[in-house]
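Participant: Before I ask anything, here is the structure I am working with.
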Amino acid sequence: MSKFQKTTISFLSVIALCLVVVLGTYTYQTYQTVAAQPLGPSLPTFAPQTLPPTWTVPPNLSSPTPQGLVTYVPTVSFPTNTPVAKCNGPGTMNVLVVGSDARGDNYTYGLADAIRLVRVDFVTPKVTVLEFPRDLWVEIPHIADDLDGQDHEKLNQAFLYGNPGFKYWDDPSEGSGLLALTLNVNFGVQIDHYITVNMRTFENIINAVGGIDVKIQNEEIARTTNLPVGESHLNGAEALKLVRNREGGIFERADNQNIVLCALRKKLTSPAIVTQIPELIEAFKDNIRTDFTPAQLSQLACLASQMPPENISLASFPADIFTQTREFDPVFDKRVAILSVDHNILRDYVTRFQSGMWPLPNAPLQITDEEDEPIVCE
């Protein structure tokens, strides 16, 4: 090989190496940019949470220092170990999860059929899910101008009024955002992100993981859902029928939904499925409404692979704080069935929930139905 040929080959090798570096840098930067882009519109900014009048400082927390009282004492600083969040996540994250009763592939219309607030603790790690009854009578911002001054409706209608079919507000987050804002205005809920799933996508997700195994211990739930007491394997359509079962009232319906969530939690944390979570997220990202970025979804998938199943729990407000009654609704020009409750009491529970103080950290993983009979998530 001549000297000229060797020089040419060396020169071309350097050019090729430079191209690889440039392309690699470009690909990495592009990935970083895409990974940081939300998959949907972000939520509006919420007002800071304020403690309700019923809130009292729990015994395990320090009492507030009297204003104006200053005590000068020697201070010594010691190094402390700061808890590290797993999977490069934040300390905690509050996620609004909405199950829409929209019957097609779109989100033009539809009520919020299931409403859950999910607290994700990346430090412990732990996930706690709190159910909000859909029939709460609440103030819904931004609807009065379109409803002749009417600003109160059921909680599930906030989602409907925010979606493109009604579009009573112009925020890009649509129904998910208006529902999040409604929860904030009425109960002080602070929401960082949202995930919304319609009925068809819910069915497809259940089918994608191979169905779920539900365990029904309550004979009344078994009777009203036409399922046997004990274990049953459900496909997507059957699981949807269970979560939407209306017999027995709103509290039993929430119990049915929690039974399915228990089963789905168990399936998603099984060794056969947990490694597929990134692929499942990718497959369904175009059918789900969310403001998560791909990077944040990867953090959640990472956390799911590291979290013990017993650290996932479901909670409901005590049934005895609610009263089933009727309220005249000018929109429908009739009295509609609602759930009445002291909003300050719910604010108190929400405050404790978001701080990780309720339910009790070491409480067993279980759901409690209307008769306070435990439905255990095994």
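Every number in this text was worked out from the coordinates using simple rules, so none of it is lab data. Keep in mind it's a predicted model, so treat the numbers as computed, not measured. Heads up, the Cβs are rebuilt from the backbone with ideal geometry, glycines too, and the neighbour counts pull from every protein chain shown.
Participant: Within the range 188-215, find all residues whose amide N lies under 14 Å from a label point positioned 7 Å from the Cα of R103 along Cα-to-beta-carbon.
Facilitator: Label zone hits: 199-200.
Participant: Run the dipole for the range 269-352 about the Cα centre, Lys and Arg Cβ at +1, Asp and Glu Cβ at -1, nothing else charged, and hand back the magnitude in debye, nearest 20.
Facilitator: Details: 7 positive and 11 negative charges, 26 e Å.
Roughly 120 debye for the range 269-352.
Participant: Rounded to the nearest 0.05, what FRET efficiency do E279 and K334 have when you use their Cβ-Cβ distance and R0 = 35 Å? Before the final figure, lay out the partial values.
Facilitator: On the way: r = 48 Å, r/R0 = 1.38.
The value I calculate is 0.15.
Participant: Please identify the chymotrypsin sites (Phe, Trp or Tyr not before Pro) of the range 192-251 that satisfy two criteria: DSSP loop assignment and at most 13 other Cβ atoms within 10 Å. Which are they?
Facilitator: none
Participant: Can you bin the range 159-313 into rounded, prolate or oblate? Criterion: square roots of the alpha carbon gyration tensor eigenvalues sorted a ≥ b ≥ c, rounded for a/c under 1.5, prolate for a/b above b/c, oblate for the rest.
Facilitator: oblate
Participant: Between the alpha-carbon centers of the range 219-264 and the range 151-185, tell me the distance in whole angstrom.
Facilitator: Each part reduced to its Cα centre gives a spacing of 28 Å.
Participant: Let me ask something else. Points 7 angstrom from Cα along the Cβ direction at N235 and F46: gap in nanometres?
Facilitator: 3.9 nm
Participant: Work out, in µm²/s and without decimals, the Stokes-Einstein translational diffusion coefficient of the range 140-197 at 20 °C, 1.002 mPa s, Rh from Kirkwood over C-alpha pairs. Working shown, then result.
Facilitator: Working: Rh = 11.3 Å.
The calculation lands on 189 µm²/s.
Participant: What ranking do 84-91, 308-315, 258-265 get when scored by the average of other Cβ atoms within 10 Å per residue, highest first?
Facilitator: Per-residue Cβ counts within 10 Å, averaged per peptide and sorted highest first, yield 258-265, 308-315, 84-91.
Participant: Please list, in order along the range 135-152, the HN-Hα scalar couplings obtained from phi with the Karplus expression 6.51 cos²θ - 1.76 cosθ + 1.60 (θ = phi - 60°), rounded to whole Hz, x for Gly and Pro.
Facilitator: With the stated coefficients, the range 135-152 comes to 9, 5, 8, 9, 7, 10, x, 6, 10, 4, 5, 8, 10, 6, x, 6, 10, 10 Hz.
Participant: Using a Cα-Cα cut-off of under 28 Å, which lysines could be cross-linked to K334, ignoring same-chain neighbours fewer than 8 residues away?
Facilitator: K154, K167
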